[in-house]
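I have placed the structure first, in the form of structure tokens, so that the comments after it can refer back to it.
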Amino acid sequence: MRGLLCTLFFVISCSVFTTLFPWLEWPPPSSKFSYTPVRSPKAGTSIASQHYVDNRYSDHTCVGVDMESRYCLFENVYYDIARNTFVYHVHPLRRELPVFYERTGPIYSFPAEFVNLQPKRKKYAGSTLHMEARDEPPDPDEVRDLTGSYVLWEEVNEENWAHFLSDTLFPLFTVLYDFTQDISRVQEYQVLLADHCQKTYGIAGTLCPPSPNCSSSRLFEKYNLVFDNPVACWRDVKDTHSGGRKFLRFATLVAGGGNLATKPSEEENKANQGRSLLWWSFRQHIVGRVGGTMERPVEPKIVIVNKELGRRQIRNMQETYAAINNTFPCEVVMYTGGKLSAAEEIRLVSGATVYITPPGGISFSIPFLWRRCATILVSFNSYGKRKDGVGFVESDVLWRRLAFTRIFHYEAVSASDTDRKAPHMYIEPKEFVRFIQSIMSSEL
């Protein structure tokens, strides 16, 4: 009873005390611990609620610590058509916050070279994205809204299947998968191809390939492996979608390749390690879209690819194919690289249990094989020594760093010692059959 009376007396005393001496109240009403929503004189709503409902202001998320490695997702970002630049309208509550962080510390304004629009900068300097920060957004009547999801990209080498796969499709998939965390949402984006060597986006290089032909059916087929929407040229979008308005507003715009292209050089090949899960997700996404094999093949199937011409062609592959076909009581399929569409080739190889290929770009269907498929790379055993490009380069750099591949090397022979100077690859058919039998007997 006495304790209850003491507590009651203490509460009453504190109430009377703070009434008589309000300046001693803690926390004081004017302190930084108190929060009163500020009214926006323009919109008539509180700034606290604008962060969630006012889509006039921009927002962004970036991955990476410098221009080479950075890729970003922008929301509600604008394009000023007259000034030919992207514009980021900063929310009033965020104008004192850093834009992003680099190794040197926080950065409070967008630099001239903010995001590299391609996944690598090897043969030429790619275009970069520049973002201009402004305060209040433009009048809504001056804005054309683009409500879809877009990714601004600079093509590296669309004609070469190996480069297109590892330098375009895989980095694009990785960037979008990283942001969405949902493979099914990756396909919803539309790719906007930047004009090569234009200063629309910032600093541009001088050694550049031709601008892409975005209306090409071949290009559509390749991008359609990952995306539902047809690829579009940025120059066409900004010219045809403005509708007489001064600004385009992108609800969602992703930019930057993050230096995620496959690293072909020996000194960089460690960067490819640890990407097996990404490559497998990439495989499942594309194989599912083209109607390939999504589960472990029930029956053995040997698939052979060969080049039609060139130094990486296996010269007696027809004879070797006959020996394999006469030995193994299973389906044996041989095709010529480049003769099938990308979708047809992926469907075919996805059900293989043994895959035989020369080295080089022709081997870049390996990522679409089923897990633990036995892959036989036929080449001269000369990695790091030859300059003719027929050594085990791709397998050592990339394929041996993917956990779901099972790589076997088979050393080809040449017709004579003289032939070694301009090598033509041959296989000993009977020896090769025994090689395959050994592999199939030890299949996991």
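Taking trypsin sites (Lys or Arg not before Pro) across region 328-382, the ones in a DSSP loop with at most 16 further Cβ atoms lying within 10 angstrom of their Cβ are LYS339, ARG371, ARG372.
Find out how many positive minus negative residues lie around GLU331, taking Lys and Arg as positive, Asp and Glu as negative, among other residues whose Cβ is under 13 Å from that of GLU331. Its environment carries a net charge of 0. Projecting label points 7 angstrom from Cα along Cα→Cβ for ASN325 and VAL65 puts them 5.6 nm apart.
Readers should treat all values here as calculations from the given coordinates under stated rules, not as data from a laboratory. The shown structure was predicted, so the numbers you read here are calculated from the model rather than taken from an experiment. Don't worry about glycine lacking a Cβ; one is built from the backbone with ideal geometry, like all the others, and counts go over all protein chains shown.
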